[in-house]
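Peer 1: Have a look at this one before I ask anything.
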Amino acid sequence: METVYLKIAGITIGIQSEVLGVIKRFVEMYRHYLRTDGDACYATLTISVDDMKKYIRKEKLPFDENSSTIYSRYIYSSAYDPISKRAHLLTDLDNIYPVSEEYLMKWFSHLCIENGKLLFHSSVVINQNDEARIFYGPSGIGKSTIVQLSENHHVFTDDLSVLERRPDSDFCIYKTPFERNKNAVKARKIAIKGMYRLHQSTSDSLQKLPAPMHTANLLANVWNLDFNNKGYELYHRVIERDFGNTPGYNLFFMKHSNFWNLIS
């Protein structure tokens, strides 16, 4: 069984599989996050291969309590034990690459929450004073457009990053290998000036959100392993505690740089 170690946002994980091609793919695609030492490994994912169709015919999957369908064609079965920090993923050989990468994101999101961190799908721009504005919403809403319209800011990401509240009440932001640009960048300490739920509109306007609505918006935007009652409670607790008091807004914008006049 081959094993590769990755360190993402300060969390070291091990990925092991008897399918050598899977390990080689992670080594190639995630090379900027590779680690050779597994002593500080927080959690381990084992990826195995089986004929998933036989389980479908029996209408029962091996890890029935936490089995899911990704996309319309891919079936997998998975289980994660939060005590031993071991996860097991079972899928078809033909689909092992896309399933493994998709599951890794969702599993890592759960590991982040266990460590008081948040894997978040957003665009993040930072000014020269390390003040960050975070824009989020569903695909196609305008996150990449925000990046193009933020000429006077450093673009940290327009995809998936990890946010962590620090003991001094500031935040730290980390790059992840789940973005299109997989280069590793040093973590950055920031002050969050605003978190903006994007809405396309025929006019620009800004709506300040009360804390409960802001928390609900953030919850709807996270990558999660599962949202059963226990999983929901864990995400809700961390988001409400660490991010519920950050400035939250609904930003209605016309995909034009005029929106900066509202939020600056």
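Peer 1: Assuming P138 fulfils every condition listed in (1) out of contact with any Leu (no Cβ under 7 Å at 6 or more places or on another chain); (2) not in a loop (DSSP other than H, G, I, E, B) apart from one, which condition is it?
Peer 2: All conditions pass for P138, except number (2).
Peer 1: While we're here: Determine if region 116-139 includes at least one residue that is at pLDDT below 90 and more than 30 Å from T46 (Cβ to Cβ).
Peer 2: Scanning region 116-139, I find at least one residue that is at pLDDT below 90 and more than 30 Å from T46 (Cβ to Cβ), so the answer is yes.
Peer 1: Evaluate region 18-27: report whether one residue or more is touching an Asp or Glu at 6+ places or on another chain (Cβ under 7 Å) and surrounded by fewer than 19 Cβ atoms within 10 Å (Cβ to Cβ).
Peer 2: Yes, region 18-27 contains a residue that is touching an Asp or Glu at 6+ places or on another chain (Cβ under 7 Å) and surrounded by fewer than 19 Cβ atoms within 10 Å (Cβ to Cβ).
Peer 1: Looking at (1) assigned by TED's automatic domain parsing to the domain that holds D50; (2) surrounded by 16 or more Cβ atoms within 10 Å (Cβ to Cβ); (3) in contact with a Ser or Thr (Cβ under 9 Å, 6 or more places away or on another chain); (4) not in a helix (DSSP H, G or I), which is the only condition Y80 fails?
Peer 2: (3)
Peer 1: Return a yes/no flag: does region 132-141 have any residue that is within 14 Å of K193 (Cβ to Cβ) and either under 12 Å from the mean Cα position of the chain (by Cα) or free of Cβ contacts under 8 Å to residues at least 60 places away in the same chain (or both). Lay out the reasoning, then the answer.
Peer 2: As a first pass, look at region 132-141 and keep what is within 14 Å of K193 (Cβ to Cβ): 132-135.
Going one step further and asking which of them are either under 12 Å from the mean Cα position of the chain (by Cα) or free of Cβ contacts under 8 Å to residues at least 60 places away in the same chain (or both), we end up with none.
The answer is no, given that none of the residues of region 132-141 is within 14 Å of K193 (Cβ to Cβ) and either under 12 Å from the mean Cα position of the chain (by Cα) or free of Cβ contacts under 8 Å to residues at least 60 places away in the same chain (or both).
Peer 1: Right, here's the next one. Does V124 count as in a strand (DSSP E or B) and in the same structural domain as A187 (by TED's automatic domain parsing)? Steps first, answer last, please.
Peer 2: Working: in a strand (DSSP E or B): yes; in the same structural domain as A187 (by TED's automatic domain parsing): yes.
It is true that V124 is in a strand (DSSP E or B) and in the same structural domain as A187 (by TED's automatic domain parsing).
Peer 1: Got a number for residues in region 167-217 being within 12 Å of P247 (Cβ to Cβ), surrounded by 19 or more Cβ atoms within 10 Å (Cβ to Cβ) and free of Cβ contacts under 8 Å to residues at least 60 places away in the same chain?
Peer 2: 1
Peer 1: All but one of (1) out of contact with any strand residue (DSSP E or B) (no Cβ under 6 Å at 6 or more places or on another chain); (2) surrounded by fewer than 19 Cβ atoms within 10 Å (Cβ to Cβ); (3) at pLDDT 90 or above hold for F108; state the number of the condition that does not hold.
Peer 2: (2) is the only condition that F108 fails.
Peer 1: For region 146-165, which positions are closer than 13 Å to F253 by Cα and surrounded by 20 or more Cβ atoms within 10 Å (Cβ to Cβ)? Full working, then the answer.
Peer 2: Filtering region 146-165 down to residues closer than 13 Å to F253 by Cα leaves 146, 149.
Listed by number, the list holds a single entry, I146.
Peer 1: Of everything in region 92-121 that's in a loop (DSSP other than H, G, I, E, B) and in contact (Cβ under 8 Å) with a residue 60 or more places away in the chain, which residue is farthest from H236 (Cα to Cα)?
Peer 2: Of all residues in region 92-121, those in a loop (DSSP other than H, G, I, E, B) come to 92-95, 115-116.
Applying the additional criterion that residues be in contact (Cβ under 8 Å) with a residue 60 or more places away in the chain yields 93, 115-116.
Details: L93: 36, N115: 14, G116: 11 Å.
The residue in question is L93.
Peer 1: Here is a list: I47, I70, I75. Which entry is touching a helix residue (DSSP H, G or I) at 6+ places or on another chain (Cβ under 9 Å), within 30 Å of Y174 (Cα to Cα), of a type in the set (A, V, I, L, M) and modelled with pLDDT under 90? Explain how you work it out, then say what you get.
Peer 2: On the way: I47 fails: modelled with pLDDT under 90; I75 fails: within 30 Å of Y174 (Cα to Cα).
Criteria check complete, one pass: I70.
Peer 1: How many residues does region 141-171 hold that are assigned to a strand (DSSP E or B) and small (G, A, S)?
Peer 2: Of the residues in region 141-171, 1 are assigned to a strand (DSSP E or B) and small (G, A, S).
The values are calculated or read from the model by the stated rules, or taken from the named source; none is laboratory data. In this text the structure is predicted, and so the values were computed from the model without any measurement. For neighbour counting, all protein chains shown are included, and Cβ atoms are generated from backbone atoms with ideal geometry for every residue, glycine included.
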